[in-house]
Structure formats: C-alpha cells, structure tokens
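J.: Structure in structure tokens, see below.
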Amino acid sequence: MAGMSAVAIMLLASRPAFAEGYICDDAIPRTEAVALLCNGIAKQDQGDVDGAIGDVKHALELQPDLVEAHLILGIGYYYQHQYALALAEYDLYLAAVTDNFHAWSNRAAAYLQTGDLVAARSDIDRALALNPHDVQLLENRIVIAREADDRLTVIEDCTWLIEHFPPRSKWLLDRGKALGAESRLAESLADLQMAVQLEPTADTYYFRGITQYFLAQYDAAIADFTQTLTLQPDFTLAYLKRCSALYQLQRYSAALPDCDEFVRQQPDSYDGHYNRGIVRSRAGDQDGALTDYRLAIELARNPAEKANAWYGVGVASERAGQKKAAQDAYRRTLEIDSEYRAARTALQRL
C-alpha cells in the first residue's frame, strides 16, 4: 500500500560529544562555533529545523573542523527531505567518527528514502555490529529488509525481539506477513491472531484476512476485511480482497459492490478492472465484463497480465455466444504467451 516515499525508519537522536564529555555541557568551555552548534541543536529539538541548519552552517564557517556539526546537519537535511544533502553530511561525519551507531542508522534511513536498499542494509548492519541488541536498530533493519523483500531477515529479527521482549503487535504483524509470503500459512495465522488480540487495527485485521483467504477460510477472511473497513473505510485493498473472497464462495452479486467501490477509488488499476471483469462475467454481465477486460488490457503492467485479460475477453465472448470474437481473443492470448494452456484448450474446443 505504501510506496517507497512513505516508508521510514526511526531517526535515532544523537548528541555529538568531545572526548571529555557532551559538547554542549555547560561545564565545557565553548568557542563561538560550538555555541552556535549548541544553539542549532536546541532549535532542532524545538522543531525549528531551518533555524538549526542556519546556526550549524555558520558554526562550520567559523570552525571547519567541527565534525560534530556534520552530524546535526545530516539530521536537519533528513527532516527537510533533502536526502542527498543529508547523505553528504553523514559521509563527512562517518569518515571521522566510525563508532557512532546512531549515525550509521541515520544514514541508513537516508539511503532508504533514496531507494538504495543495498547501502541502507550495509549501514544498518554496521550500526548493529556496534550495538547488536538495540531494539530500535533491529526494528530499523526489519523495515529495510521488508522493503528489500528479504523475508528471512524479517522473520529472524522479529523472532529475536519476540523471544527477548514482551511481544509487540508490529513485530507479530511483520513476522506474520513474512511467514505468509513464505507460504508458512499456519505460522502466519498464529502470529496474526496474536497481533489482532494485542492491537485490533485495520492492518492487523486485513493481513489476518489475507492469510485466512489463502487458507481457503473465506468466511473468516470476509469478516476480517469487513472489520478492516469498519475501522478504516478508505482501506481500498480490503474492498478488492473481500470481493475476491465473496467470489470464491460464488456469491457473485454480493461481490460486485466491493469490486465497484475499489474501481471507483482506483479507476486506473489493472487489478480492479480485471477482477471485476471476472465477477461480472460469472454474474452474467458479459458486456460489463468485456468493458473491464479491455480496460485491463490497456492498464496491464506486463505481458502476463495482458494475456490474462485477453483470455478473459475470450471467456466472456464465448459466454455471450460470440464465437468468432472468442477465437480471436484466445489467439491474442497465445500470441502473448504460447504456453497458455487454458487458451489453447478453449481454442481447440471452438
């Protein structure tokens, strides 16, 4: 549901320090540059990011070797969503200070926002090498691994957290989703059951519904998707999944309003038009199905989707008694995917 731009890992607070103590400790003598840096830190804590950046940049002008200023600038630029600038500042800081796990984690967060998952993983691993059992670092690695589709790391890190701390809903949810993606459905359901008990949110109901769907527990899945929509009416995917579950129970008329609502909210979605085409065809509305399938062909993101939509055109045309149109659609399917057995069988039958 969320794209990369909406994904974030927690930025860890980090206070730069000289060897003898905290740089802004009143007991430590300050240069003018250090005073500006400390003012910048205070402003950043108060939410005045622009003011903080101005003070810290001025501090660097007065004292270019004030390496701690690069760390604070990195945090400030990250808050401003200027990730390239944040990375440049973190690079300067980490070239001089290699044992600050906060900084490694924060640079990982910036890399994540730019989509560089390899660099993000390298940095979060470096942070964990310095502080192996930090909960927030492990949660940050889970986010990065999830985005990289590294399900085994998600399962491993969530398992460690669940075994060493009172279970949290988000750990169970992440592990349950990863287990489901690995086809370990019984284990996935157990995690998601507990996640719902701990925190009955739209997300926990939705993903428990997904696992129940794949276990062919369609009534239970429908109940969970309904609960999802009760809690969050704009949870668009829940409409599509409830439509699919109702379809599996051959409740075609009941399924259609959910597919309609999904298409209304996401009119340019291949999945919406393709799935509604299937339901409409089963419900006897072949004209409506053909309209949806043809829209799906235009919206297809890859050859497999296009082949499926053309096959749907063939099925709907055949049910409408349009033999020639059905033959043409099955041929188009086979032109895209010569191994599409259902289309070849249908064409031979006709």
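J.: Can you give me the ranges of the helices (runs of 4 or more DSSP H) entirely in segment 241-350 with at least 1 residues that are of a type in the set (Asp, Glu)?
T.: In segment 241-350, the matching helices (runs of 4 or more DSSP H) lie at 252-265, 270-283, 286-299, 303-319, 323-336.
J.: In this structure, is Gln82 at pLDDT 95 or above and at negative phi?
T.: Criteria met by Gln82.
J.: Among the residues of segment 106-137, how many are among the small types (Gly, Ala, Ser) and over 19 Å from the mean Cα position of the chain (by Cα)?
T.: The qualifying residues number 3.
J.: Just one of Ala86, Ala110, Ala103 is crowded, with 16+ Cβ neighbours inside 10 Å, in contact with a Gly (Cβ under 8 Å, 6 or more places away or on another chain), touching a residue at least 40 places away in the same chain (Cβ under 8 Å) and not assigned by TED's automatic domain parsing to the domain that holds Ile162; which is it?
T.: Working: Ala86 fails: touching a residue at least 40 places away in the same chain (Cβ under 8 Å); Ala110 fails: touching a residue at least 40 places away in the same chain (Cβ under 8 Å).
The match here is Ala103.
J.: Can you spot a residue in segment 96-118 that is modelled with pLDDT of 95 or more and among the acidic types (Asp, Glu)?
T.: yes
J.: Any chance you could count how many residues in segment 247-261 are surrounded by fewer than 24 Cβ atoms within 10 Å (Cβ to Cβ), of a type in the set (A, V, I, L, M) and under 16 Å from Asp271 (Cβ atoms)?
T.: 1
J.: Under 8 Å between Cβ atoms, which residue pairs at least 6 apart in sequence (or on different chains) link something in segment 256-279 that is outside the structural domain of Thr226 (by TED's automatic domain parsing) and closer than 19 Å to Arg319 by Cα with a partner that is modelled with pLDDT of 95 or more and among the charged types (D, E, K, R)?
T.: Hits for this filter: Leu256/Arg276; Leu256/Arg280; His273/Asp292; Tyr274/Asp292; Tyr274/Glu305; Arg276/Asp260; Arg276/Asp292; Gly277/Asp292.
The values are calculated or read from the model by the stated rules, or taken from the named source; none is laboratory data. All figures in this text were calculated on a predicted structure; none of them were measured in a lab. Every residue, glycine among them, receives a Cβ derived from its backbone with ideal geometry; neighbour counts consider all protein chains shown.
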